[in-house]
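Read the figures in this text as sums done on the coordinates, not as results from a lab. Predicted, not measured: the structure shown is a model, and the values here were computed from it. Note: ideal-geometry Cβ built from the backbone for every residue, glycine included; neighbour counts use all protein chains shown.
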Amino acid sequence: MKFLDNSINLTEGSISRNILKFAVPLMIGNLLQQFYNIVDTLIVGRCLGEQALAAVGSAYTLMIFLTSIICGLCMGSSTFFAILFGRKETERMKQSFFISFVSILAVTVVINILVYVFLNGIVRFMQIPAEVQQSFGQYMAVIFAGILATFLYNYFANLLRAVGNSVVPLLFLAISTIINVILDLVFVITFGWGVAGAAAATVIAQYFSGVGILLYYLKKCPDLRISREHMKWNRQMFGEIANLSMLTCVQQSIMNFGILLVQGLVNSFGTVVMAAFAAGVKIDTVAYAPVQDFGNAFSTFIAQNYGAGKTERIRKGITTAGVMVVGFCVVISALVFFFADRLMMIFVKSDLVDIISVGAGYLRVEGSCYVGIGILFLLYGYFRAIKRPFMSVVLTVISLGTRVVLAYGLASVSGIGVLGIWAAIPIGWLLADVTGIIYGVRINKLRKV
């Protein structure tokens, strides 16, 4: 089949080599995707100042929450695709493309409309300081014009990844990232369009990757294209896709909604803490982005082998992936911990010592604990792939529930303040990890993988 030319069959061959071969393009792709907002943050922080940086940082948190709904639906659908791919049920897989595409597109349109209708209410909910509100509104008004592009890219990227092709999505992201960087420099520095210019650069780049990967699918993947016979609504299939997609969406949304609640608490500490958190989160996200994508690659590995009925290969894959993730996280934790100040100075001028100090404190707390989030990403991927996405939701509720409750509780204690917000995050990871591992061991012993 032509569409397999750039694909990896994860049900055969070396486990570690194939997972890595599939995961590395995902990791690079996610890092490039992070570049969209990182470049905005870097140029805004350096060229437009503290208030603009705070506005872009808060908008980024909201953008991640809302787009996580779309990404979660696409990710859940791709698990269903991968299971059918492992079973070699090509015709059912094509019908599932049609059903999931129509469903997720409808959700995307609704989200886009709601964002613009309730923009003023969002500003109040997030406790945006008065001096930041104008910049925040300008950035938001432009950046959310790219939601449709986000859907197109994530849907077709996840479709290709489900059949083992992680290279093509990477190529489109790489080119769009270059476009984003060039347009950022032109719009913000040359044209002087401020935060709206930074947002416009991101949106244009997003449409390049979204429309580009759609055209690639239509032109270069004849064995994956659907025909009129596949454009039929099947209630049972929709239910199966919805079960995986909705629960994955809920898991992603809860995770990012918890972060959004914490962002509101951070905003209450003023512009310095907002700016520090904005820069710190970018560094933090880039640092553990590779293990997040390794978890997604691991999920595809599990899903394909689950569909093929290869239980023993799944068990070997769990051990292999665990060792690889722990080793990577230990190295990244050490680098972030010891170079926290220098990392902050990538985004913030060296004379803004207060912002650098607060941001470095955040990074040192998080940087010591990346093993926790690395294991959690593996657990998310595993439970999603074996059709137990409800467990991913449970783990997210534990992780984010702990984070939000502790953050609000500790931040109000005299002498703790923002340190309590930072410390609440790894504690939540730890509790979720312990719960997930205990449950995973239990179902393995019952032979229900």
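Pop the C-beta distance of V107 and I437 into the FRET formula with R0 = 25 Å and round what comes out to the nearest 0.05. Taking R0 as 25 Å, the efficiency between V107 and I437 is 0.15. Packing here is the average count of other Cβ atoms within 10 Å per residue, and on that basis the peptides 202-213, 292-303, highest first, run 292-303, 202-213. Counting every pair of alpha carbons in the chain, the share spaced more than 40 Å apart comes to 15 percent.
Using a ≥ b ≥ c from the Cα gyration tensor of segment 319-420 (square roots of the eigenvalues), is it rounded, prolate or oblate, where a/c under 1.5 gives rounded and otherwise the larger of a/b and b/c decides, a/b for prolate?
oblate
Applying 0.36 nm per residue to the separation of N120 and L214 and subtracting their alpha-carbon distance, the gain on full extension is 30.5 nm.
Our estimate of slack between K232 and R92, defined as 0.36 nm per intervening residue step minus the Cα-Cα distance, is 49.3 nm. Once you treat every alpha carbon in segment 240-365 as an equal point and sum by Debye, what is log10 I(q)/I(0) at q = 0.13, 0.18, 0.19 Å⁻¹? Treating every Cα as an identical point scatterer, log10 I(q)/I(0) equals -0.72, -1.03, -1.08. Would you work out if segment 25-139 is rounded, prolate or oblate? Take a ≥ b ≥ c from the square roots of the eigenvalues of the alpha-carbon gyration tensor; rounded if a/c is under 1.5, else prolate when a/b is larger than b/c, oblate otherwise. In terms of gyration-tensor shape, oblate.
Hydropathy at least -1.0 by Kyte-Doolittle, axial extent at least 24 angstrom from the Cα trace: which helices of the chain, defined as entire DSSP H runs, fit?
In the chain, the long hydrophobic H runs are 15-47, 50-87, 90-117, 167-184, 194-220, 235-267, 271-308, 311-338, 389-411, 418-445.
Taking neighbour Cβ counts within 10 Å as the exposure measure, how do S16, S333, S399 sort from fewest upward?
With the sparsest Cβ surroundings first, the list reads S16, S333, S399.
To the nearest 0.05, what FRET efficiency results for I178 and K316 with a Förster distance of 45 Å applied to their C-beta separation?
That gives a FRET efficiency of 0.70.
Please compute the contact order of segment 100-253 in relative form: average sequence separation of alpha-carbon pairs under 8 Å and at least six residues apart, divided by the residue count, as a percent.
So the answer I get is 26 percent.
Taking trypsin sites (Lys or Arg not before Pro) in DSSP loop conformation with at most 13 other Cβ atoms inside 10 Å as exposed sites, the chain has its longest uninterrupted site-free stretch at 89-231. Here the chain is scanned for GluC sites (Glu not before Pro) in DSSP loops (not H, G, I, E, B) that have at most 15 other Cβ atoms within 10 Å, and the longest stretch holding none of them is 90-449. Just checking the listed ones, I28, I69, I182: in the Gaussian network model of the chain with Cα springs under 10 Å, the one fluctuating most is I182.
P(r) tail, segment 75-189: Cα-Cα pairs separated by more than 26 Å, 41% of all pairs.
Using a cutoff of 8 angstrom between alpha carbon atoms and counting only pairs six or more residues apart, the relative contact order for the chain works out to 24 percent. Other residues whose C-beta falls under 12 angstrom from the C-beta of I427 contribute a net charge of -1, scoring Lys and Arg +1 and Asp and Glu -1. Answer rounded, prolate or oblate for segment 150-259, using the Cα gyration tensor with square roots of eigenvalues a ≥ b ≥ c: rounded when a/c is under 1.5, else prolate when a/b is larger than b/c, else oblate. Oblate. Semi-axes of the equivalent ellipsoid of segment 247-303 are 28, 15, 4 Å, computed as sqrt(5λ) over the eigenvalues of the C-alpha gyration tensor in descending order.
Legend: Rg and Dmax of segment 369-428, from Cα coordinates, 13.7, 46 Å.
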